Amino acid sequence: MSATVVGEQSAGVGSIRSSGGVPVLDETYHYLVRTTSVLESKLSVLSAPGLPRVGVTLSALGIAVCKTVNATRREDQRTLWDVVATFSSEVEERQNVQSVSGSPTTWLPIYETKFERLQEVTTKDAAGDSIANSAGQPFENGILRSRFIPIWEFYQFEPATVTDEVVIDRNETVNDATFKGKAAKSLLCTVLSSVIGFYYGSRLRLTRYAIRYNEALWTHKRLDVGTGYLEAGVLLPYYDNPIDRNVILGSLDGAGNKQPVGTGPAVLEFDMYESVSFASFLRI
């Protein structure tokens, strides 16, 4: 048994519609398939050589990709099947762009702004003062600060040559320089999803990103305190006073030196994420 495409029929439909503000081309093609037996399976008919392949075949214009293939057997001629293939240029993932002119890899994504609550232990209060007592001695712990931070989520088309490894390396990174007016290390990039498929007639990668903005920077912060301090490059014990000489946890200035009496400790910052150039791959 076998199924053979007799030819494409004259019937056909073409339309342009709007989906989320993006023009979408829909096309329909009709084919006639003949089988050598009335017992031919539907799968064999749908897979007949010459018929479009779902998710693979492009339309004649090269813009829309095949979405569905349907076959209907003729009641009066049981070896003949009418096959209808539908094509569409609609992107399978949700994506907003300003136009369909030019390559999708150059389009500027339209982003969505969201907010989420961030809780973090901070070593300074809202006025920028170190968390210390009135004598300048640091407390054992900072304060837990809860606030809302903005998040920008968006999809971005990229060449299919961008590998999974490249995308993975972009996940959980911070900006190494000022980006869109935001200071270095204040933006945290996470990759929410990344799919390679046929979009607008081309094999492309569609990646969904989220950018979180933290004005306090995405660094780990600690009060600069210790039981010793540096003097002429030598580590000396930090005494409470020259008479009692009890070793205490004292304030340092960020360079290993003693802070003046009554002055809180400096704040040390440590990198938690790799710094990369956002401008090299993000187009927002």
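The values are calculated or read from the model by the stated rules, or taken from the named source; none is laboratory data. All figures in this text were calculated on a predicted structure; none of them were measured in a lab. Glycine gets a Cβ as well: all are built from the backbone with ideal geometry, and neighbour counts include every protein chain shown.
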Output yes when any residue across segment 34-48 is part of a strand (DSSP E or B), touching a residue at least 12 places away in the same chain (Cβ under 8 Å) and under 15 Å from THR72 (Cβ atoms), and no when none is. yes
Residue count, segment 223-252 (criterion: at pLDDT below 90, in contact with a Ser or Thr (Cβ under 7 Å, 6 or more places away or on another chain) and assigned to a strand (DSSP E or B)): 3
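Name the single residue, out of those in segment 181-209 being of a type outside the set (Phe, Trp, Tyr) and touching a helix residue (DSSP H, G or I) at 6+ places or on another chain (Cβ under 8 Å), that is farthest from PHE270 (Cα to Cα).
Within segment 181-209, the first condition is being of a type outside the set (Phe, Trp, Tyr), and the residues that meet it are 181-197, 201-208.
Next cut, touching a helix residue (DSSP H, G or I) at 6+ places or on another chain (Cβ under 8 Å) only: 187, 189, 191, 194, 202, 204-205, 207.
Values: LEU187: 15, CYS189: 18, VAL191: 23, SER194: 30, SER202: 43, LEU204: 37, ARG205: 34, THR207: 30 Å.
In this case the residue turns out to be SER202.
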Taking interchain pairs and intrachain pairs at least six residues apart, which have beta carbon atoms under 6 angstrom, with the first residue in segment 201-222 and in the same structural domain as ILE151 (by TED's automatic domain parsing) and on the phi > 0 side of the Ramachandran plot and the second of a type in the set (S, T, N, Q) and outside any strand (DSSP E or B)? LEU217/SER186
Please go through segment 155-178 and pick out each residue that is within 19 Å of TRP107 (Cβ to Cβ) and outside any loop (DSSP other than H, G, I, E, B). TYR155, GLN156, PHE157, GLU158, PRO159, VAL167, ARG170
For residues in segment 60-82 being more than 30 Å from the chain's Cα centre (by Cα) and in a loop (DSSP other than H, G, I, E, B), which is nearest to ARG17 (Cα to Cα)? LEU61
Please go through segment 238-275 and give me each residue that is within 30 Å of THR106 (Cα to Cα) and touching a Lys or Arg at 6+ places or on another chain (Cβ under 7 Å), ordered by number. SER275
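For segment 234-243, check the following and say yes or no: at least one residue is in contact (Cβ under 8 Å) with a residue 24 or more places away in the chain and among the charged types (D, E, K, R). Before you say what the answer is, go through the steps one by one.
Within segment 234-243, the subset in contact (Cβ under 8 Å) with a residue 24 or more places away in the chain is none.
The answer is no, given that none of the residues of segment 234-243 is in contact (Cβ under 8 Å) with a residue 24 or more places away in the chain and among the charged types (D, E, K, R).
Considering only residues that are under 14 Å from GLY226 (Cβ atoms) and either assigned by TED's automatic domain parsing to the domain that holds ALA132 or at pLDDT below 90 (or both), which ones fall in segment 253-263? Lay out the reasoning, then the answer.
Within segment 253-263, the subset under 14 Å from GLY226 (Cβ atoms) is 253-259.
Hit for segment 253-263 is GLN259, nothing else.
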Residue count, segment 185-200, condition more than 30 Å from VAL65 (Cα to Cα) and exposed (fewer than 14 other Cβ atoms within 10 Å of the Cβ), comes to 0
Is at least one residue of segment 3-15 surrounded by 11 or more Cβ atoms within 10 Å (Cβ to Cβ), outside any strand (DSSP E or B) and either touching a residue at least 12 places away in the same chain (Cβ under 8 Å) or in contact with a strand residue (DSSP E or B) (Cβ under 9 Å, 6 or more places away or on another chain) (or both)? no
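From the residues in segment 105-132 that are within 24 Å of GLN156 (Cβ to Cβ) and in a loop (DSSP other than H, G, I, E, B), which one is modelled with the lowest pLDDT? Walk me through it before giving the result.
Here is the first cut: in segment 105-132, the residues within 24 Å of GLN156 (Cβ to Cβ) are 105-116.
Still in the list and also in a loop (DSSP other than H, G, I, E, B): 107-111.
Numbers: TRP107: 82, LEU108: 82, PRO109: 82, ILE110: 78, TYR111: 83.
So the residue we want is ILE110.
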Given the residues ARG203, ARG212, ARG245, which is the only one that is crowded, with 17+ Cβ neighbours inside 10 Å and touching a strand residue (DSSP E or B) at 6+ places or on another chain (Cβ under 8 Å)? ARG212
Whether any residue in segment 141-154 is acidic (Asp, Glu), part of a strand (DSSP E or B) and closer than 28 Å to GLU269 by Cβ is what I want to check. yes
In segment 115-132, which residues are free of Cβ contacts under 8 Å to residues at least 24 places away in the same chain and surrounded by 10 or more Cβ atoms within 10 Å (Cβ to Cβ)? ASP125
